[in-house]
Amino acid sequence: MKYNNETKKWESPYWHPAVTTDSVVFGFDGEELNLLLIQRGGEPYAGMWALPGGFLLPTDKTAEEAAYRELHEETNVEGIYMEELGTFSDLNRDSRERVITIAFFALVVKDKYVIKGGDDARMAKWFPVKNLPELAFDHQQIIDTALERIRQRIHFEPIGFHLLDKEFTMPQLQNIYIAILNPPEDDIKLRDRRNFPKKMLKLGYIKETGKKMTGNPYRSPKLYTFDEEAYTNSKKIGMRLEF
């Protein structure tokens, strides 16, 4: 690195790759796990579906800030919590130039957000994870990595609660575990409607609210909530949820 006294900037003799961010945002519709995608408005891959994302700008202080900016510009989603997933740097992942992307992922309550395509995205739309369209770049690989991450973590952390309202029914929670872990149809360990509540309540951090879901004259399932303080205490034990 050399300092240019005329421009008052440091100059590097080394080549620099471009850097982008991509956001893997999962939502839940009550039955299936969904993924937020945008339809690309420009080349490469014009018209194809992709993860929300784009290039870091000189004004972006961090990659995380760039990810939030791009997500809002392209989908209208903001104010969510995202975690860094990883870096993807295969040589030919982008036909324009050498591009390294830093991916982030999030779990959200799907119905809380008004999705709207913007900036260079023709539209934004939720897709069932089980039925995704053909994707641009290496975005399928990024999504697969994110899915594997949450499948590993759901045994140790109550990440499914990020996909639910504050109060929820036990069938709603069970549907999330089924959607994320995707067990075979004959896997009775996870699909058993009688034993699932017993296992979850044994964890100690799911509490009855004393209320029931209204609006259905034939059945009114109990409502539960997540007790964060109880979960913090249970973490000290290193509890693992087995199915």
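The set of residues in the range 232-241 that are at pLDDT 70 or above and either farther than 15 Å from Lys199 by Cβ or not in a helix (DSSP H, G or I) (or both) comprises Thr232, Asn233, Lys235, Leu241. Can we say Glu185 is in contact with a Ser or Thr (Cβ under 6 Å, 6 or more places away or on another chain) and either over 30 Å from Asp90 (Cβ atoms) or of a type in the set (Gly, Ala, Ser) (or both)? It is false that Glu185 is in contact with a Ser or Thr (Cβ under 6 Å, 6 or more places away or on another chain) and either over 30 Å from Asp90 (Cβ atoms) or of a type in the set (Gly, Ala, Ser) (or both). Tell me whether the range 131-144 contains one or more residues that are on the phi < 0 side of the Ramachandran plot and in contact with a Lys or Arg (Cβ under 7 Å, 6 or more places away or on another chain). Yes; the residues of the range 131-144 include at least one that is on the phi < 0 side of the Ramachandran plot and in contact with a Lys or Arg (Cβ under 7 Å, 6 or more places away or on another chain).
Taking the criterion of being of a type in the set (Val, Ile, Thr) and within 20 Å of the chain's Cα centre (by Cα), would at least one residue in the range 48-70 satisfy it? The answer is yes, given that some residue of the range 48-70 is of a type in the set (Val, Ile, Thr) and within 20 Å of the chain's Cα centre (by Cα). Of the residues examined, Thr225 is not one that is modelled with pLDDT under 90, among the hydroxyl-bearing types (Ser, Thr, Tyr) and not in a loop (DSSP other than H, G, I, E, B).
Exactly one of these conditions fails for Thr75: (1) of a type in the set (S, T, N, Q); (2) out of contact with any strand residue (DSSP E or B) (no Cβ under 9 Å at 6 or more places or on another chain); (3) open to solvent by less than 20 Å² (accessible area, probe 1.4 Å). Give me its number. Single failed check for Thr75: (2). Of Glu208, Glu157, Glu185, all but one fail to be open to solvent by 70 Å² or more (accessible area, probe 1.4 Å), of a type in the set (Asp, Glu) and part of a loop (DSSP other than H, G, I, E, B); the exception is Glu185. Output yes when any residue across the range 136-143 is more than 30 Å from Pro44 (Cβ to Cβ) and under 24 Å from the mean Cα position of the chain (by Cα), and no when none is. Checking the range 136-143: not a single residue is more than 30 Å from Pro44 (Cβ to Cβ) and under 24 Å from the mean Cα position of the chain (by Cα).
From the list Leu190, Leu201, the lone residue that is surrounded by fewer than 18 Cβ atoms within 10 Å (Cβ to Cβ) and either part of a loop (DSSP other than H, G, I, E, B) or touching a residue at least 40 places away in the same chain (Cβ under 8 Å) (or both) is Leu190. Does the range 54-68 hold any residues that are open to solvent by 10 Å² or more (accessible area, probe 1.4 Å) and closer than 22 Å to Leu163 by Cα, and which are they? Within the range 54-68, Glu64, Tyr68 qualify. Summed over the range 1-45, residues that are more than 20 Å from Ile100 (Cα to Cα), under 24 Å from the mean Cα position of the chain (by Cα) and open to solvent by 20 Å² or more (accessible area, probe 1.4 Å) total 6.
The values are calculated or read from the model by the stated rules, or taken from the named source; none is laboratory data. Please read all numbers here as calculations on a predicted model, not as lab measurements. No Cβ is skipped: glycine too gets one built from the backbone with ideal geometry, and neighbour counts run over all protein chains shown. The protein model used for the area step is the full one, side chains on, heavy atoms only, and it has no ligands, DNA or RNA in it. Shrake-Rupley method; radii C 1.70, N 1.55, O 1.52, S 1.80 Å.
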